[in-house]
Amino acid sequence: MSNPDPNLTALIKLLSDDHPTIVDAARKKLLELGAVAIPILKQAAESDPDPKVRVEARQILEQVRLETIGKEWEKAAALPDEKMDLETNAFLLAKVSYPDLDPALYRQRLDQLAEQIRPNLKPAATPQELLRMINRCLFKKERFRGNWDNYFDPQNSYLNCVLDRRLGIPISLSVLYLLVAWRLKIPVQGVGIPGHFMLKYMDQETELYVDPFNEGRFLTRAECLQFVVEAGYPYQADFMEGVGPREILARMLRNLILIYVDRQEVTLERILTRFLNLLYPADANEEDEGTSEGEIGWVG
């Protein structure tokens, strides 16, 4: 780096001070500077001769990165549901755990999946035929599947990992399915059944449910409700209603929060809980400090 700001250089040097209060003050100032301090922090993290400075610089860089993502999430969460972009925010969520993620590369892969299907679409195709074409591509040719063996692996909930590993849980495989179907103008929406997220194709003549976790199996309304009964939840009519991007993202967050609580990964739990509270700020005031499965929601 040429001609670094002497004030920034001085702050970096203070990170190695023997007095914790001085280190804290320098750390706080660098965090306040945010993006302005990133170049010199990167240089310090990579090549400062003092190992204490290198460690501190790396930690500050990570905090700046997470705060930047948090600000983006806050802006997105403030939008009305009809203006929220599920795809953009699913990748933004993934960037919390995957700093080097390039959403553009994964968008291209979603585009490619849709383009494999598009030539086979016929104007007169029935809803079942349209959905079978998606199923054939995703589950037969590309071999996406539910991760039965390691259901609670957090990678199952991140869209980039689902695309990389071809493994997921009901909610993440449903998001993948939605994003491909929407590219093809096929009217599919999420259905927030407790414990097992699914999809619904609905037009003026057809109501058809799809289970991406089970290779796109078609179900009736009665069969979907069986999942509710088996999970021990009392029937509620809104279980079968379509849900928008806000609730889909919230469901992804609830799953991850439960996993990180169980793994005692406190930093990720706190970040994602804040994201969830930004989606539903009215609920945040009712949250206790502790989190339990009953408070957070349904896995799947």
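The values are calculated or read from the model by the stated rules, or taken from the named source; none is laboratory data. All of these numbers come straight from a predicted model, not from anything done at the bench. FYI the Cβ positions are ideal-geometry reconstructions off the backbone, even for glycines, and counts take in every protein chain you see.
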Practice item. Kindly indicate whether residue 58 is over 20 Å from residue 101 (Cβ atoms), in a helix (DSSP H, G or I) and touching a residue at least 12 places away in the same chain (Cβ under 8 Å). Key: no
Review point. Looking at segment 210-227, is at least one residue buried (at least 16 other Cβ atoms within 10 Å of the Cβ), within 20 Å of residue 152 (Cα to Cα) and at pLDDT below 95?
Key: yes
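Pull up segment 189-237, narrow it to residues that are in a strand (DSSP E or B) and among the hydroxyl-bearing types (Ser, Thr, Tyr), then point me to the one that is farthest from residue 254 (Cα to Cα).
Filtering segment 189-237 down to residues in a strand (DSSP E or B) leaves 189-191, 198-202, 207-211, 217-219.
Still in the list and also among the hydroxyl-bearing types (Ser, Thr, Tyr): 201, 209.
On the way: 201: 25, 209: 23 Å.
Only one residue fits best here, namely 201.
Considering every residue within segment 174-186, establish whether at least one is farther than 21 Å from residue 118 by Cα and of a type in the set (Val, Ile, Thr). Outline the logic, then answer.
Just the residues of segment 174-186 that are farther than 21 Å from residue 118 by Cα, to begin with: none.
Checked segment 174-186: no residue is farther than 21 Å from residue 118 by Cα and of a type in the set (Val, Ile, Thr).
Please work out which residue is farthest from residue 62 (Cα to Cα), limiting yourself to segment 84-115 and to residues that are among the charged types (D, E, K, R) and either at pLDDT below 95 or not in a helix (DSSP H, G or I) (or both). Steps first, please.
First, pick out the residues of segment 84-115 that are among the charged types (D, E, K, R): 85, 87, 95, 100, 102, 107, 109, 111, 115.
Filter once more, keeping what is either at pLDDT below 95 or not in a helix (DSSP H, G or I) (or both): 85, 100, 102.
Working: 85: 26, 100: 12, 102: 17 Å.
Among those that are among the charged types (D, E, K, R) and either at pLDDT below 95 or not in a helix (DSSP H, G or I) (or both), it is 85.
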Review point. Going by the structure shown, is residue 162 more than 18 Å from residue 93 (Cα to Cα) and crowded, with 19+ Cβ neighbours inside 10 Å?
Key: no
Point to revise | Failed criterion for residue 20 (all others in (1) farther than 18 Å from residue 63 by Cα; (2) at pLDDT below 90 hold) | key: (2)
Practice item. Taking only segment 99-130 into account, find how many residues are under 24 Å from residue 217 (Cβ atoms), without any contact (Cβ under 8 Å) to a residue 24 or more places away in the chain and under 27 Å from the mean Cα position of the chain (by Cα). Key: 0
Check your understanding: Looking only at segment 238-251, which residues are assigned to a helix (DSSP H, G or I) and out of contact with any Asp or Glu (no Cβ under 7 Å at 6 or more places or on another chain)?
Key -> 238, 239, 240, 247, 248, 249, 250, 251
Review point. Only one residue in 10, 25 is surrounded by 14 or more Cβ atoms within 10 Å (Cβ to Cβ), among the small types (Gly, Ala, Ser) and not assigned by TED's automatic domain parsing to the domain that holds residue 99, so which one is that?
Key: 25
